[in-house]
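So the structure is just underneath, and the comments pick up after that.
The values are calculated or read from the model by the stated rules, or taken from the named source; none is laboratory data. Everything numeric in this text was worked out from a predicted model, so none of it was measured. Reconstructed Cβ throughout: ideal geometry from the backbone, glycine too, with neighbour counts over all protein chains shown.
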Amino acid sequence: MLQAAPRRGLLLILSSPSGAGKSTLARRLMEWDPSLRFSVSATTRAPRPGEEDRREYYFRSRAEFEAMVAAGEMLEHAEVFGNLYGSPKGPVETAMKEGRDTLFDIDWQGGQQIRNSSLGRDVVSVFVLPPSIAELDRRLRGRGQDSDEVIACRMAKSQSEISHWAEYDYVIVNNDIDQAFNDLLTILQAERMRRDRQPGLAEFVRGLNREFDAR
């Protein structure tokens, strides 16, 4: 039986204002498909309790981070709340060649840089909205991770972040996490089947036609 060549890996970008649910959706997606590669970001912020270097983030000094940017080793980078964040380029390119998808849990600035990069044609971008601003505030406070001052800063930034919703391919309103996850799964499965993400299809179809000719 003929087998089509493996498809090219895609870059799945998840963005949202802080507290809208993108990190939870990203975690559940990784559990659903262990072959999905999570893009571990580099950051200059200090580790939170329980976080480990190279697992949650590559924790780097500002000088180390800036050296990586200067060397062209970052696919995207931005400064958020006084700390630098960025996505190392090399592992993403390797995963694409292997036919593996890479998941990005990043903000709109990072998403915009990746869409405008040389890898932009393989990007699928999804923006996650909260059902209301009151619910967004409740979720941030419910995490118990940030001070009132930090929460106020995050809420103030949320309006600007939400204003970029129309730049994304898909938008999910996270009113219910299970439904939001099902919506995200539908998007990923459909995008994986796009004709232009299966570079071996033309040769596969030629093979089918050769079978017809040989009958």
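Things worth noting here:
- For PRO131: the one exception among (1) under 26 Å from GLN179 (Cα atoms); (2) part of a helix (DSSP H, G or I): (2)
- For the range 191-211, the tally of residues that are over 15 Å from VAL123 (Cα atoms) and in contact (Cβ under 8 Å) with a residue 24 or more places away in the chain stands at 8.
- Top-ranked residue of the range 169-215 - restricted to ones that are loosely packed, with under 13 Cβ neighbours inside 10 Å and of a type in the set (A, V, I, L, M), ranked as nearest to TRP108 (Cα to Cα): ILE177
- Residue within the range 52-75 that is modelled with pLDDT of 95 or more, polar (S, T, N, Q) and surrounded by fewer than 18 Cβ atoms within 10 Å (Cβ to Cβ) present: yes
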